[in-house]
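This report refers to the structure that appears directly beneath it.
The values are calculated or read from the model by the stated rules, or taken from the named source; none is laboratory data. All values reported here derive from a predicted model rather than from experimental measurement. FYI the Cβ positions are ideal-geometry reconstructions off the backbone, even for glycines, and counts take in every protein chain you see.
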């Protein structure tokens with residue numbers, strides 16, 4: 001599915017319309033999956049810092065999107081923004097569940113096993129990761145949605161439930177704060 005088309009219509013898991021429409025709807029949803037899955041997983045993994053939980057939450061987000069596809073309204077945003085909002089809510093649910101149960105966060109990825117083509121790039125990545133850890137959750141979230149999720153400012157606004165102008169301002173402030181904690185020149 002492209003960012004300008006609507007997710008398949010219908011209710012729940014019941015077939016909607018003709019077999020031809022159902023085939024087209026399945027193809028649209030598959031296209032949405034193919035275009036968003038890796039970005040969605042990266043965003044959720046950045047939030048949860050647990051690969052297994054990120055896989056589960058990403059799958060849950062696609063399942064919820066499929067089941068609720070009849071509720072999607074193209075006038076309220078793109079399918080990509082809608083899917084990221086579902087994933088965001090599912091990841092926040094997981095974080096709340098962990099807080100209630102006192103579950104430990106999974107082991108972070110061992111960065112020493114990654115092969116860096118450029119030592120300077122590797123150092124900058126570590127610096128940015130450390131800087132992100134120092135930001136508050138709202139600042140970190142807006143940066144992750146924008147740069148890991150690769151959302152436009154319009155999509156970012158729809159996921160965060162604010163105006164595009166407000167989303168841009170929040171992003172600008174978060175980047176400024178990240179530069180401060182990373183001691184980068186303004």
Inset, instruction - Write out, first by first residue and then by second, each pair whose Cβ atoms fall under 7 Å of each other, whose residues are 6+ apart or on separate chains, and whose first residue, in segment 172-186, is assigned by TED's automatic domain parsing to the domain that holds residue 123 and under 18 Å from residue 146 (Cα atoms) while the second is outside any helix (DSSP H, G or I) and at pLDDT below 90. - result: 179/186
Legend entry - Yes/no for residue 17 being in contact with a helix residue (DSSP H, G or I) (Cβ under 6 Å, 6 or more places away or on another chain), at positive phi and at pLDDT below 90: no
Inset, instruction - Mind counting the residues in segment 136-165 that are surrounded by fewer than 19 Cβ atoms within 10 Å (Cβ to Cβ) and over 19 Å from residue 179 (Cα atoms)? - result: 9
Inset, instruction - For segment 40-61, enumerate the residues that are surrounded by fewer than 19 Cβ atoms within 10 Å (Cβ to Cβ) and either touching a strand residue (DSSP E or B) at 6+ places or on another chain (Cβ under 8 Å) or part of a helix (DSSP H, G or I) (or both). - result: 42, 51, 52, 55, 56, 59, 60
